[in-house]
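Colleague: I have a structure here, written as structure tokens, and I will follow up with some questions on it.
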Amino acid sequence: MKEDEIKKTLFQLLKKIAPETEPSELQDDDNIRETLNIDSFDALQFIVVLDDKLGIEIPERDYGKTTTLKLLLSYIKNAIEKQKS
Amino acid sequence: MIEFKMPSLGADMEDGTLIEWKKKPGDTVKRGDIIAEVETQKGLIEIEIFDEGIIDKFLIQEGTKVPVGAVMALLQPSGVSLETKKEKEPAPLQPTEEKTIKSTPISTAETRKIKVSPLARRIAEENHINLESVAGTGPDGAITKENVDHEIAKIEKIEPEKINAPAVAIRSAIAAAMSKSNSEIPHYYLEKKIDFTKALAWLQEANSQRSIKKRLLPVVLLIKATARSLSDFPDLNAIWENGLQQKKDINIGFVVSLTTGGIIVPAIHHTNLKSVDEIMETLNDIIPRARAFKLRSSELTDSTITLTSVGENGADVVYGIIYPPQVAIVGFGTISEQPFAEKGMLGIRSVVKATLAGDHRATDGLIGSRFLAAINNYLQNPDSL
């Protein structure tokens, strides 16, 4: 899966969680939750759909490594590569 | 004959619009069945029935606005045959209003004095335009079709506000309830700093053994500890109506923020009897439904106390306003790392500040203070939750 495809999927999933926002306008270093006004309940729902859609299970201790779009993308790419190997 | 009436879904509710009957005459219903869907300020609510029997007759048509307390349907109690009924039935209620949008009635007596072209009059009547408010620019100041069209365009410009109608309705419901509370309830406020470190460690361990879908949020522990403490201090799980009335069930109303602004407070039924996992399951169910304005009537009416939690990265402390006729509201601020002194040692701990706003007619600060201390004690022993 290419970075563009992952990004597109992320935007789709975020739009589902926060329908009144425009996730595609997120900048690389924006804090996702703060920018899109996502509370802890919706953040957990996002982790759930991420697992459903991409098969990536983010453990609680790694939440801090996925706060911005850049960090989240890099985390997902790494996870996909690990799955391959 | 049992009468099914329009329920009150809050101190501020005066009426609701029947959208759909979910049963039909002849159907057998039992306690908890959804009998109707009603549009209220708090969205489309599924109305439950609290009697058992066979639906005999609907007295209200779908689409009708019905005042609280009006009889909407008649039921035969269980065990009574439909054929043997010979009881007096109340006359069916006439619809009070077909639409919620009020139109200004056009008085023919008054319009007679106004010069208006026949075409303009017809268009005005079709669009519920009061001709008295239209300035005429035709011969002798007569109102023309253009004048009426202009008036309609002015009203349509205001229309976009209606897109925001649920948010406006919620705002006015909150305004009514909070104003009533502030003018009638003498509040007292207490605050307790709670070391949340053990609870968070317990949660992290518990979540590491759960699938993603079963993960728990910290607020679940706060809800459970509050429910346990309410069992110890029943005067706070009560309403004030001609004096203090303790409630048998502990149904914590959980404040849900709406993405469009405003809040809705669905009840977590029998919170004290639920495990932390069951409380999380309930949140997974009611939060999305609250945000979609799809709650059940019992979820809007059965709360015996309210709990509000600020969540992450928010204010440190929240002081609530009691939702009448309840007598208390518990607040939890953001969980954050703070310097914390204990047994002569200073350390950094995860801390949450718990507050209680109590109705001073119902309880005193001593009870409230012990209640907050109890919440603290439960949170220091998360295994016991």
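Colleague: Does residue A:82 satisfy the criteria of being within 11 Å of the chain's Cα centre (by Cα), assigned to a helix (DSSP H, G or I), charged (D, E, K, R) and over 24 Å from residue B:257 (Cβ atoms)?
Modeller: Against the criterion (within 11 Å of the chain's Cα centre (by Cα), assigned to a helix (DSSP H, G or I), charged (D, E, K, R) and over 24 Å from residue B:257 (Cβ atoms)), residue A:82 does not qualify.
Colleague: Assuming residue A:41 fulfils every condition listed in (1) in contact (Cβ under 8 Å) with a residue 12 or more places away in the chain; (2) within 14 Å of chain B (Cβ to nearest Cβ); (3) under 24 Å from residue B:334 (Cα atoms) apart from one, which condition is it?
Modeller: The failed condition is (1).
Colleague: Sticking with this one: Check residue A:68 against each of (1) within 30 Å of residue B:201 (Cβ to Cβ); (2) within 13 Å of chain B (Cβ to nearest Cβ) and name the one condition it does not meet.
Modeller: The single condition residue A:68 does not satisfy is (2).
Rundown of residues vs (1) within 14 Å of another protein chain (Cβ to nearest Cβ); (2) open to solvent by less than 50 Å² (accessible area, probe 1.4 Å), yes/no style:
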| site | (1), (2) |
| --- | --- |
| B:169 | no, yes |
| B:174 | no, yes |
| B:183 | no, no |
| B:193 | no, no |
| B:208 | yes, no |
| B:219 | yes, yes |
| B:241 | no, no |
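Colleague: Among A:57, A:34, which is the only one that is facing chain B (nearest Cβ under 10 Å), part of a loop (DSSP other than H, G, I, E, B) and open to solvent by 60 Å² or more (accessible area, probe 1.4 Å)?
Modeller: Of A:57, A:34, the one residue that is facing chain B (nearest Cβ under 10 Å), part of a loop (DSSP other than H, G, I, E, B) and open to solvent by 60 Å² or more (accessible area, probe 1.4 Å) is A:57.
Colleague: Also: Which residue out of B:293, B:233 is surrounded by fewer than 20 Cβ atoms within 10 Å (Cβ to Cβ) and either among the acidic types (Asp, Glu) or on the phi > 0 side of the Ramachandran plot (or both)?
Modeller: Sole residue among the options that is surrounded by fewer than 20 Cβ atoms within 10 Å (Cβ to Cβ) and either among the acidic types (Asp, Glu) or on the phi > 0 side of the Ramachandran plot (or both): B:293.
Colleague: Sticking with this structure for a sec: Those residues that are of a type in the set (A, V, I, L, M), under 15 Å from the mean Cα position of the chain (by Cα) and assigned to a helix (DSSP H, G or I), I need them from the stretch B:240-291; list them, please.
Modeller: Answer for the stretch B:240-291, where residues must be of a type in the set (A, V, I, L, M), under 15 Å from the mean Cα position of the chain (by Cα) and assigned to a helix (DSSP H, G or I): B:286, B:287, B:290.
Colleague: In this structure, is residue B:352 away from chain A (no Cβ under 14 Å) and closer than 30 Å to residue A:33 by Cα?
Modeller: no
Colleague: When residue B:379 is evaluated against the numbered criteria (1) more than 14 Å from chain A (Cβ to nearest Cβ); (2) surrounded by 21 or more Cβ atoms within 10 Å (Cβ to Cβ); (3) under 25 Å from residue B:173 (Cβ atoms), which criterion, by number, is the only one it fails?
Modeller: All conditions are met except number (3).
Colleague: To continue, here is another question. Looking at (1) within 14 Å of another protein chain (Cβ to nearest Cβ); (2) open to solvent by 20 Å² or more (accessible area, probe 1.4 Å); (3) in a loop (DSSP other than H, G, I, E, B), which is the one condition that is false for residue B:337?
Modeller: The single condition residue B:337 does not satisfy is (3).
The values are calculated or read from the model by the stated rules, or taken from the named source; none is laboratory data. Being a predicted model, the structure only gives us computed values, none of them experimental. With ideal geometry, Cβ positions are generated from the backbone for all residues, glycine too; neighbour counts draw on all protein chains shown. Note: areas computed on protein heavy atoms with side chains; ligands, DNA, RNA excluded. Shrake-Rupley method; radii C 1.70, N 1.55, O 1.52, S 1.80 Å.
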